[in-house]
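Here's the structure, in structure tokens; my notes come after.
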Amino acid sequence: MAGSGTAHLRADDDVILGVRNLTVEYRGKGDERVYAVSDISFDARRGETVGLVGESGCGKSSAAKSIMQLPPPTSGSVQVDGVEIVGLRGSEMRRQRSKLQMIFQDPISSLNPLRRVEDIVAEGLRIQGDLSKAEIITRTRAMIERVGLDPETASDRRPHEFSGGQCQRISIARAMVLDPELVICDEPVSALDVLVQAQIINLLKEMKQRYQLTLVFIAHDLAVVKNLSDRVVVMYLGKVCEVAATEELFSSPVHPYTRALIDSVPEPDPTAVVSQAQLEGDLPSPMNPPSGCRFRTRCPSAQERCALEEPEIREIRPGHFAACHFPLVDGPVDKVLV
Ligand SMILES: Nc1ncnc2c1ncn2[C@@H]1O[C@H](COP(=O)(O)OP(=O)(O)O)[C@@H](O)[C@H]1O
Ligand code: SF4
Ligand SMILES: [Mg+2]
């Protein structure tokens, strides 16, 4: 199946997040179904930052929320530290879920407007119920300070009194106060202006370092992903297209979609020769995805086979995986990797 397959999953003890055959479907009008995420797999090693990239509407947020079980996926497996969390209930789910936190795209609407900042940040600790009231306040205020806000003045105020960047700091404090092992950041800077974006990215980098976090960093902006990630997973219309270490993926993309995405980023050097494939046309509807390879309607390399048969992810170069019948390599694939 296109973009399906698990050849790129790693099987070592360092893997903290294992997402396998994840599928998210929504009900549309009448009998319609939205195939938002269709059988994707990826993993993250402890301390790694995995970038998840693709155009708006390709299923990134649906994948992120279903990993968090908010709500659980239509089907598939999510393992955290080797424990399957799909289907867990009650206290066991709360225990496992506390290892996972999420930061959302729109910082202002993701915070309850009626609550004080201190209560927003402390909420998870209160639900956990492991600490005394005094301990919760101490820990909450220390975290508010660590994200760059003054707990004295910020604690009693409400989200609308803060800028977008400050609200994202509050969201980061709310996630970090629970001491998670893995944080899924869903386009955490796309709603912010450029200067503030850099500050929030630096804060996330600092948090990652300090707490030895694993990050799944979602973005449609390739530059942000390139700057932060160790490994990149490229998605197209609910499928995984390509997975590789960041440098390798950006210097030698083999999937025509990744190539087109990279080529569509404006070249900072105006004298540079603008290269080949630009991405044309819109993302097809996830209610009626193309047969075979879902990218075929926009792919400059498409051939008849692409409409008939879904390509499965395979290793094209050592450690570099793609789901494409005709990857962009010099010479036949079997000469690159047998
Ligand atoms: N709750 C929902 N009900 C129906 N369709 C949805 C819902 N949430 C998302 N979608 C659709 O699923 C597809 C993937 O959306 P999303 O996961 O938000 O993509 P991305 O985060 O990559 O922009 C889109 O076509 C979107 O309109
Ligand atoms: S060459 Fe075929 S399989 Fe590869 S991305 Fe294009 S349409 Fe898909
Ligand atoms: Mg999204």
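Of everything in the range 214-238 that's part of a helix (DSSP H, G or I) and within 15 Å of ligand 3 (Cβ to nearest atom), which residue is nearest to residue 324 (Cα to Cα)? Per the criteria, the residue is 225. Of everything in the range 280-302 that is buried (at least 18 other Cβ atoms within 10 Å of the Cβ) and aliphatic (A, V, I, L, M), the residue that is farthest from ligand 1 (Cβ to nearest atom) is 302. Could you check, for the range 76-98, whether at least one of its residues is under 12 Å from the mean Cα position of the chain (by Cα) and assigned by TED's automatic domain parsing to the domain that holds residue 185? Within the range 76-98, not a single residue is under 12 Å from the mean Cα position of the chain (by Cα) and assigned by TED's automatic domain parsing to the domain that holds residue 185.
Is there a residue in the range 209-230 that is touching a strand residue (DSSP E or B) at 6+ places or on another chain (Cβ under 7 Å) and within 23 Å of residue 292 (Cβ to Cβ)? Within the range 209-230 (the criterion being touching a strand residue (DSSP E or B) at 6+ places or on another chain (Cβ under 7 Å) and within 23 Å of residue 292 (Cβ to Cβ)), the answer is no, since none of the residues qualifies. Is there a residue in the range 52-71 that is over 27 Å from residue 260 (Cβ atoms), in contact (Cβ under 8 Å) with a residue 24 or more places away in the chain, in contact with a strand residue (DSSP E or B) (Cβ under 6 Å, 6 or more places away or on another chain) and not in a helix (DSSP H, G or I)? Looking for residues that are over 27 Å from residue 260 (Cβ atoms), in contact (Cβ under 8 Å) with a residue 24 or more places away in the chain, in contact with a strand residue (DSSP E or B) (Cβ under 6 Å, 6 or more places away or on another chain) and not in a helix (DSSP H, G or I), one finds at least one in the range 52-71, hence yes. Taking (1) free of Cβ contacts under 8 Å to residues at least 40 places away in the same chain; (2) within 16 Å of ligand 1 (Cβ to nearest atom) in turn, residue 194 satisfies each apart from (2). Of the residues 125, 131, 203, the single one that is in the same structural domain as residue 233 (by TED's automatic domain parsing) and not basic (Lys, Arg) is 203. Residues of the range 303-324 that are in a loop (DSSP other than H, G, I, E, B) and either crowded, with 22+ Cβ neighbours inside 10 Å or in contact (Cβ under 8 Å) with a residue 40 or more places away in the chain (or both): 310, 311, 313, 319, 323, 324. A single member of 10, 33 is charged (D, E, K, R), closer than 23 Å to residue 96 by Cα and touching a residue at least 12 places away in the same chain (Cβ under 8 Å), and it is 10. In the range 67-107, the residue that is surrounded by the most Cβ atoms within 10 Å (Cβ to Cβ) out of those that are among the small types (Gly, Ala, Ser) and farther than 20 Å from residue 124 by Cβ is 76.
Once the range 22-64 is narrowed to residues that are charged (D, E, K, R) and within 8 Å of ligand 1 (Cβ to nearest atom), the residue that is nearest to residue 9 (Cα to Cα) is 60.
The values are calculated or read from the model by the stated rules, or taken from the named source; none is laboratory data. Quick caveat: nothing in here was measured; it's all calculated off a predicted structure. Neighbour counts are summed over all protein chains in view; Cβ atoms, including those assigned to glycine, are modelled from backbone coordinates with ideal geometry.
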